[in-house]
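The values are calculated or read from the model by the stated rules, or taken from the named source; none is laboratory data. The structure presented is a predicted model; accordingly, all values stated were derived computationally and were not measured. Reconstructed Cβ throughout: ideal geometry from the backbone, glycine too, with neighbour counts over all protein chains shown.
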2 protein chains.
Amino acid sequence: MEGDKPTEEKPKSQAQDAPKEENMVEGPDGQMMSRKAYKKLMKKLEKEKRKEETKKRVEAEQAKSKKKEDEDLGEYVKDPNDPCADKFGDLELCRSTVLPEEGKSVYDKYKRVKNITEELKDQVVTIRARVHRVTGKGGAIFIILRESFSTLQACLFQNDGVSSGMCEYARRIPKESLVIITGIVHVPENPIKKCTQQVEIHIQEIWNHHKSVPRLPINLDDAANVVLNQKLEDEDHKEEETKEERGKKKTIIVGQNTRLNNRILDLRVPANQGILRVGSGICRYFREFLLERDFTEIHTPKLIGGTSEGGAEVFKTDYFGTEACLAQSPQLYKQMGVTCDLERVFEIGPVFRAEKSFTPRHLCEFTGLDLEMAFYEHYFEVVDTICELFGYIFENLNKTYSKEIEAVRTQYPFEDFVFKKEVPKFKFVEACDILKEAGYEQNPHKDLETENEEALGKIVKEKYGTDFFVVYNYPIEARPFYTMLNPDDPEYTHSYDFFMRGQEIMSGAQRIHDPEMLTERAIAKEVPPETIQDYINCFQYGAYPHAGGGIGLERVLKLFLGIHNIRKCSMFPRDPKRLTP
Amino acid sequence: MEGDKPTEEKPKSQAQDAPKEENMVEGPDGQMMSRKAYKKLMKKLEKEKRKEETKKRVEAEQAKSKKKEDEDLGEYVKDPNDPCADKFGDLELCRSTVLPEEGKSVYDKYKRVKNITEELKDQVVTIRARVHRVTGKGGAIFIILRESFSTLQACLFQNDGVSSGMCEYARRIPKESLVIITGIVHVPENPIKKCTQQVEIHIQEIWNHHKSVPRLPINLDDAANVVLNQKLEDEDHKEEETKEERGKKKTIIVGQNTRLNNRILDLRVPANQGILRVGSGICRYFREFLLERDFTEIHTPKLIGGTSEGGAEVFKTDYFGTEACLAQSPQLYKQMGVTCDLERVFEIGPVFRAEKSFTPRHLCEFTGLDLEMAFYEHYFEVVDTICELFGYIFENLNKTYSKEIEAVRTQYPFEDFVFKKEVPKFKFVEACDILKEAGYEQNPHKDLETENEEALGKIVKEKYGTDFFVVYNYPIEARPFYTMLNPDDPEYTHSYDFFMRGQEIMSGAQRIHDPEMLTERAIAKEVPPETIQDYINCFQYGAYPHAGGGIGLERVLKLFLGIHNIRKCSMFPRDPKRLTP
């Protein structure tokens, strides 16, 4: 190769434009070319040929191994003479052909995995669950069954009651299939690692209730791997899978996009089961608390004539010839709910924001937990109610959803969310002072910057031992026109933000309930009053002083469980690039 | 006049084209015209003049009476020397200037109207409530106070503690103003008609907390009138107000459109307060029942890539450059919720239908109560759960919301909704036979016609004594492609409808959970499978047999309370002509 160099280093134009005739040979396509070029071409062709051969060999090997795997995963054809032929096999698709027997309940017949405990020792139980994983071979097969975030080991040992065919059948059941098994509960001497249930089932019968395809688009074990640095999951914008180093070992991290593209499987991961169920719990306790306090649940329109907060980033639709917007908040409607004499209202519903934002804390559609409440004398009546509300939610989540919370923690380790019954409340300028003392700059007439909110969260956690606090009396510039000004502090408003782990999860305020003042403030904030006349007019007919706020469900969920990316906290998240599934 | 007739009866062309010259005179504008025409014109002008004069006189009288009324309703200027000057007047706008005293609760200070009963006899109480009506004059003023659907009489009698100025001030308080009063609870000898509370307050102090404008766009007493024929309310498409005859009396009926244009006042009518609160109750018990049975609440996206049920009547929006639709149902997402291992899910959320329908039972946006549930052997497990669910809702509404129900009944009399714990279930063909026997025609291979549903409702009510029943096993033609066929009855499906008072309030079915069968059925129903491939693929990875249904909140509310127009059951209804308020 080295000998060629001088020639090659000549300027190409020379070498090509003026070939010496005595050096010319015929190339493979019959065209004349220089010896050197010919030599080079031959080398190239040979290289390509070798590459092609390698490729073919690899493909052949892969095909062979796939064939073998397919055989392994393929249908097991049951021998009709199998002594256990009536104890295993594929069930027909369930099409409700057999009516339940009078007086007999299927809930007595089928046990839930989470309920299979030592108390059932030596009893015969029937369970429907997913095949999470199968190990073992020959006459000893181990199946990990999964039902939501509960797991249970079931085994087949070849013996009088279990044939080798039955073992082979079980071994080949595709992961994620739903099976119905019957067996005896055994209590093993040693704890069963990797299973939530500390008993095992010795299988007597095993039936495939609904079969999965043999190959899954994501590996659920990988998707359930412990993730120490959650930000790594975001990086699949570049790469489908990434790995996290732990000492010398590397663990596969399934990226967030891959997960969302296969959400139906991703959601089966125990941590995600936990997140979904804790989300349901937040709504449950939110309502329970408020209904107990005479709040009325309302449902306000999502299709509205104007924009709900005067913002520009709205989704628009044609509404029988006129233009409608998707509500960015139920703000004005819940205020009407108070003023029409319900006095205390709440709503849980979708909120739409056409923001082209890709941060791990924004969604284009999220679930708003909104409330609005008349008060008698001071908006702190409302602030205190909301403090109690959150206390109630957090306390009950910890009490009732501890298993779900642990399922999340197992995969995404996080520090417990700490809160105190007495919620610390800081005046905005106090918060600025606290920040200043700690070396952060914050203009006392502008809204808190995100970094300063985080810093404040850390300082408050250290000083007051809580992840949950309130800042109130925000500067005029930071709040919308309908916020009541503080008459005792003219540059500030009767407004408040609630924080979890240094991130805002609820914004609220006393609202102006006087038409004149509302008009004045609209003008001052450059909102043309004629565009909001209906809203202003609402307060003409006797209005309660009132305050409220809007909470983002996914954000509360994210911060309670220490999740980094909000997309994990929405069942089917929507961002500017994602409209499916 | 009679003498003119022959001339007038001549063909016009003749009479006008050839007037005799000797009959011509000069008209008021200098133009020549016939004597007859002149006479006629003069008569006409005189008539117009008289009409104009009458109009002016009436206007003058109206202006005079309005001026008098305005004086009556005008601000009462308090005499600073009034001996009761510190006991009445207008409060400043509540701007949260006084912090609540440590340890003192405003809830001890202010009593609710509904809680003012005989037990408080002779006690001094403070109440905040609306001024519903003021009667009396001089030294005896009666105020009916209203708080939601509770009403209470309060009186001022001129005496040592109450000045004449105080009485006059109270008399002039505009209706709908919020007042704070303090007074002594008296128990009168005779029952107080027209008030829910059977005690009265002798006022010691009266303060206007938030003043209403003196003239309201609708009269709340009219809007609260008893309505025997609810259909009359619909007729304001032609006329703003109509009247209902009762013997010799006529009662003003405020039309539905007038109501909706002034919804903020209309909703204050006790019947509407009742409807809103019963609606909240339905959601409450729906959730309570399902959460108790291990259902998980989910929130599925309303912005979706395709149409949710393949229908054409969807609202569309631009989603960052691609087209998105507003979900017509959470159908596919809740099925994914089941299949991703939640097994039992429910959702309460908005449902959008771009149907150009103006019936009293359709809305373009309504609240869907959706549920979906895995079952073990037969979809009746789900049907039975839904029967129990409704029983739970109805029973608890009657128990807890009896006052709200009565508030509705007072204005819109209706027969109690009757249901039985054992819900009658009819096979579709049985329902057809029942109809046939009663003389109704119904094709057993087509969906039930609306009139037949109503007829069936009446027959079932008569025979079985219930307003609530189920029809199942609908013909293939009546159901969407994803409905499981009944293998034992090839022309029929595993589907069901639930009925209240002969109207369908829930449609549901066992869904096909097999990708191949789903593809086959899509093709048979002319849905191109490639447009729903993601949906089909969901069932590849092991799927539970499952069934569910979707309930329209407003429709349940309408039928439970015997309301004619569904617009009354939505807080801010949306139909093709209404996008506000």
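Somewhere in region A:474-482, is a residue assigned to a helix (DSSP H, G or I), outside the structural domain of A:Leu228 (by TED's automatic domain parsing) and more than 27 Å from A:His564 (Cβ to Cβ)?
Filtering region A:474-482 for residues assigned to a helix (DSSP H, G or I) gives A:476-478.
So of that shortlist, the ones also outside the structural domain of A:Leu228 (by TED's automatic domain parsing) come out as A:476-478.
Pick out the ones that are also more than 27 Å from A:His564 (Cβ to Cβ) and you get A:476-477.
So far as region A:474-482 goes, yes, one or more of its residues are assigned to a helix (DSSP H, G or I), outside the structural domain of A:Leu228 (by TED's automatic domain parsing) and more than 27 Å from A:His564 (Cβ to Cβ).
Assess whether B:Pro444 counts as being over 30 Å from A:Glu292 (Cα atoms), free of Cβ contacts under 8 Å to residues at least 40 places away in the same chain and in the same structural domain as B:Tyr535 (by TED's automatic domain parsing).
Working: over 30 Å from A:Glu292 (Cα atoms): yes; free of Cβ contacts under 8 Å to residues at least 40 places away in the same chain: yes; in the same structural domain as B:Tyr535 (by TED's automatic domain parsing): yes.
For B:Pro444, the condition - over 30 Å from A:Glu292 (Cα atoms), free of Cβ contacts under 8 Å to residues at least 40 places away in the same chain and in the same structural domain as B:Tyr535 (by TED's automatic domain parsing) - is met.
Given the criteria within 39 Å of the chain's Cα centre (by Cα), in contact (Cβ under 8 Å) with a residue 60 or more places away in the chain and in the same structural domain as A:Lys425 (by TED's automatic domain parsing), does A:Gly502 qualify?
Considered against the rule, which asks whether it is within 39 Å of the chain's Cα centre (by Cα), in contact (Cβ under 8 Å) with a residue 60 or more places away in the chain and in the same structural domain as A:Lys425 (by TED's automatic domain parsing), A:Gly502 comes out as no.
So which residues in region A:130-154 are out of contact with any Lys or Arg (no Cβ under 9 Å at 6 or more places or on another chain) and within 11 Å of A:Cys195 (Cβ to Cβ)?
Answer for region A:130-154, where residues must be out of contact with any Lys or Arg (no Cβ under 9 Å at 6 or more places or on another chain) and within 11 Å of A:Cys195 (Cβ to Cβ): just A:Ala154.
Return the total of residues in region A:525-540 being touching a residue at least 40 places away in the same chain (Cβ under 8 Å) and not charged (D, E, K, R).
Total meeting the criteria: 6.
Which one is nearest to the other protein chains (Cβ to nearest Cβ), of the residues in region A:551-573 that are of a type in the set (Gly, Ala, Ser) and within 13 Å of A:Gly279 (Cβ to Cβ)?
Here the answer is A:Ser570.
Suppose we keep only residues that are among the aliphatic types (A, V, I, L, M) and either outside the structural domain of B:Leu456 (by TED's automatic domain parsing) or surrounded by 24 or more Cβ atoms within 10 Å (Cβ to Cβ) (or both) within region B:525-550. Which one would you say is nearest to B:Ile275 (Cα to Cα)?
Top of the filtered list is B:Ala547.
Within region B:369-387, how many residues are part of a helix (DSSP H, G or I), of a type outside the set (A, V, I, L, M) and either within 27 Å of the chain's Cα centre (by Cα) or over 30 Å from B:Ala543 (Cβ atoms) (or both)?
1
Return the residue satisfying two criteria in turn: it lies in region B:431-440 and is in contact (Cβ under 8 Å) with a residue 12 or more places away in the chain and either outside the structural domain of B:Glu454 (by TED's automatic domain parsing) or not small (Gly, Ala, Ser) (or both), and of such residues it is farthest from B:Phe380 (Cα to Cα).
Per the criteria, the residue is B:Tyr440.
Looking at (1) within 24 Å of the chain's Cα centre (by Cα); (2) buried (at least 21 other Cβ atoms within 10 Å of the Cβ); (3) not aliphatic (A, V, I, L, M), which is the only condition B:Tyr412 fails?
(2)
Might you let me know whether region B:534-542 holds any residue that is more than 9 Å from chain A (Cβ to nearest Cβ) and not in a loop (DSSP other than H, G, I, E, B)?
The answer is yes; a qualifying residue exists.
All but one of (1) in contact (Cβ under 8 Å) with a residue 40 or more places away in the chain; (2) closer than 30 Å to B:Tyr492 by Cα; (3) within 29 Å of the chain's Cα centre (by Cα) hold for B:Phe417, so report the exception by its number.
So the condition that B:Phe417 fails would be (2).
Restrict the check to region A:509-524 and report whether at least one residue is crowded, with 19+ Cβ neighbours inside 10 Å, part of a strand (DSSP E or B), touching a helix residue (DSSP H, G or I) at 6+ places or on another chain (Cβ under 6 Å) and free of Cβ contacts under 8 Å to residues at least 60 places away in the same chain.
no
Is there any pair linking a residue in region B:287-301 that is more than 7 Å from every other protein chain (Cβ to nearest Cβ) to one that is part of a helix (DSSP H, G or I), with Cβ under 6 Å and at least six apart or on different chains, and which?
B:Phe289/B:Leu389; B:Phe289/B:Tyr392
Can you give me the number of residues within region B:320-344 that are within 8 Å of chain A (Cβ to nearest Cβ), in contact (Cβ under 8 Å) with a residue 40 or more places away in the chain and surrounded by fewer than 22 Cβ atoms within 10 Å (Cβ to Cβ)?
1
Just to be sure, is A:Ala431 among the aliphatic types (A, V, I, L, M), within 18 Å of A:Glu504 (Cβ to Cβ) and in contact with a strand residue (DSSP E or B) (Cβ under 7 Å, 6 or more places away or on another chain)?
Details: among the aliphatic types (A, V, I, L, M): yes; within 18 Å of A:Glu504 (Cβ to Cβ): yes; in contact with a strand residue (DSSP E or B) (Cβ under 7 Å, 6 or more places away or on another chain): yes.
Yes.
Which one is modelled with the highest pLDDT, of the residues in region A:499-533 that are farther than 20 Å from A:Met336 by Cα and of a type in the set (Lys, Arg)?
Step by step, filter region A:499-533, then rank; the result is A:Arg501.
So which residues in region B:205-224 are crowded, with 21+ Cβ neighbours inside 10 Å and of a type in the set (D, E, K, R)?
Across region B:205-224, the qualifying residue is only B:Lys211.
Tally time: how many residues in region B:454-473 are over 26 Å from the mean Cα position of the chain (by Cα) and in a loop (DSSP other than H, G, I, E, B)?
Of the residues in that region, 2 qualify.
Which members of region A:66-109 meet the condition of being at pLDDT 90 or above and outside any loop (DSSP other than H, G, I, E, B)?
Those that are at pLDDT 90 or above and outside any loop (DSSP other than H, G, I, E, B): A:Ala85, A:Asp86, A:Lys87, A:Phe88, A:Gly89, A:Asp90, A:Val106, A:Tyr107, A:Asp108, A:Lys109.
So that you can scan it fast, the table gives a plain yes or no per residue for (1) more than 10 Å from every other protein chain (Cβ to nearest Cβ); (2) touching a strand residue (DSSP E or B) at 6+ places or on another chain (Cβ under 7 Å):
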residue	(1), (2)
B:Lys78	yes, yes
B:Asp82	yes, no
B:Thr97	no, no
B:Asp108	yes, no
B:Thr117	yes, no
B:Val124	yes, yes
B:Ile127	yes, yes
B:Ala140	yes, yes
B:Leu145	yes, yes
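What are the residues in region A:205-226 that are part of a loop (DSSP other than H, G, I, E, B) and within 23 Å of the chain's Cα centre (by Cα), if any?
A:Leu216, A:Pro217, A:Ile218, A:Asn219, A:Ala224, A:Asn225, A:Val226
Somewhere in region A:126-133, is a residue more than 32 Å from the chain's Cα centre (by Cα), under 30 Å from A:Ser402 (Cα atoms) and at pLDDT 95 or above?
To start, the set of residues in region A:126-133 that are more than 32 Å from the chain's Cα centre (by Cα) comprises A:126.
Subsequent filtering for residues that are under 30 Å from A:Ser402 (Cα atoms) retains A:126.
Retained after the next criterion (residues that are at pLDDT 95 or above): A:126.
For region A:126-133, residues more than 32 Å from the chain's Cα centre (by Cα), under 30 Å from A:Ser402 (Cα atoms) and at pLDDT 95 or above: present.
Conditions (1) surrounded by fewer than 22 Cβ atoms within 10 Å (Cβ to Cβ); (2) touching a strand residue (DSSP E or B) at 6+ places or on another chain (Cβ under 8 Å), marked per residue:
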| position | (1), (2) |
| --- | --- |
| B:Phe346 | no, yes |
| B:Phe352 | no, yes |
| B:Phe380 | yes, no |
| B:Lys399 | yes, no |
| B:Lys403 | yes, no |
| B:Phe419 | yes, yes |
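Here are some conditions: (1) facing chain B (nearest Cβ under 7 Å); (2) in contact with a Gly (Cβ under 8 Å, 6 or more places away or on another chain). A:Thr317 meets all but one. Which one does it not meet?
It is condition (2) that A:Thr317 fails.
Give just the number: which of (1) away from chain A (no Cβ under 14 Å); (2) in contact with a Phe, Trp or Tyr (Cβ under 9 Å, 6 or more places away or on another chain); (3) surrounded by fewer than 23 Cβ atoms within 10 Å (Cβ to Cβ) does B:Val471 not satisfy?
(3)
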